[in-house]
Structure formats: structure tokens, C-alpha cells
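The values are calculated or read from the model by the stated rules, or taken from the named source; none is laboratory data. Please read all numbers here as calculations on a predicted model, not as lab measurements. Note that each Cβ is placed from the backbone with ideal geometry, even for glycine, and that neighbours are counted across all protein chains shown.
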Amino acid sequence: MKKEYVVTEITASPDGSPYVFVSLKDPKEIRGFQRSPLGAQVNVFTSLDELSKSIGKMITQMMGGGFATVIKLSLNEYEELNIKVGDKVILDISKVETVEV
């Protein structure tokens with residue numbers, strides 16, 4: 001499975017070890033989250049059912065667009081990739097099949 005992400009943050013390891021943490025977000029989450037220039041966003045609901053269906057999305061938007069995927073890279077891997085905040089990256093995830101003997 002391949003999935004596209006945008007690099008949103010790159011931080012050094014807090015314990016000083018030779019690693020960096022790269023935070024990734026889905027491009028749709030970044031585009032979907034826009035702050036109003038007038039301040040807080042107001043949502044109008046006509047029914048309790050409509051409120052219950054939308055509450056998850058509202059909470060996600062208040063938290064800054066949701067959670068990020070974070071990967072840990074060695075300094076060598078980070079330098080080899082030459083990535084920076086704002087770059088689009090593709091994560092390729094595959095399951096390793098093991099054969100039991």
C-alpha cells in the first residue's frame with residue numbers, strides 16, 4: 001500500500017541520540033483545515049442527530065487538523081532523503097510474509 005503525505009515537522013531526538021522525528025500528514029487534512037480570519041468557526045445544527053454525526057470532525061478541526069504520522073529516521077537516512085517541511089513524500093507499506101519451518 002502506498003500513501004502520500006506532506007512533511008509537517010522535523011524535530012531532533014529529545015535525548016540527543018542521532019535520530020530525527022519526521023511528522024507527516026495526509027494532504028487532504030492540510031487542505032481541509034483552514035482558519036477563519038474572523039476567529040472561531042461557528043457551526044449551526046438543526047437537529048441533535050446532525051450534531052452527533054459532525055462532532056468528530058469538529059473536534060479534529062479544533063485540534064489542528066488531526067493526528068500526524070511520525071517516523072523515526074537516523075541522521076544518515078534523513079540526510080540521504082534530503083526532505084524538508086512542506087515536501088510531499090510517499091510511504092510504501094507492505095506486509096512481510098514469513099514461512100514457518
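For the stretch 17-65, give me each residue that is of a type in the set (Gly, Ala, Ser) and modelled with pLDDT under 70. Show your work before the answer.
Of the residues in the stretch 17-65, the ones of a type in the set (Gly, Ala, Ser) are 17, 23, 32, 36, 39-40, 47, 52, 54, 56, 64-65.
Those that are of a type in the set (Gly, Ala, Ser) and modelled with pLDDT under 70: GLY32, SER36, GLY39, ALA40, GLY64, GLY65.
Only residues in the stretch 79-101 that are touching a residue at least 60 places away in the same chain (Cβ under 8 Å) and within 21 Å of ILE30 (Cβ to Cβ) count as the first member; pair them with residues that are aliphatic (A, V, I, L, M) and in a loop (DSSP other than H, G, I, E, B), Cβ under 7 angstrom, at least 6 apart or cross-chain, and list the lot.
VAL89/ILE83; ILE93/MET1
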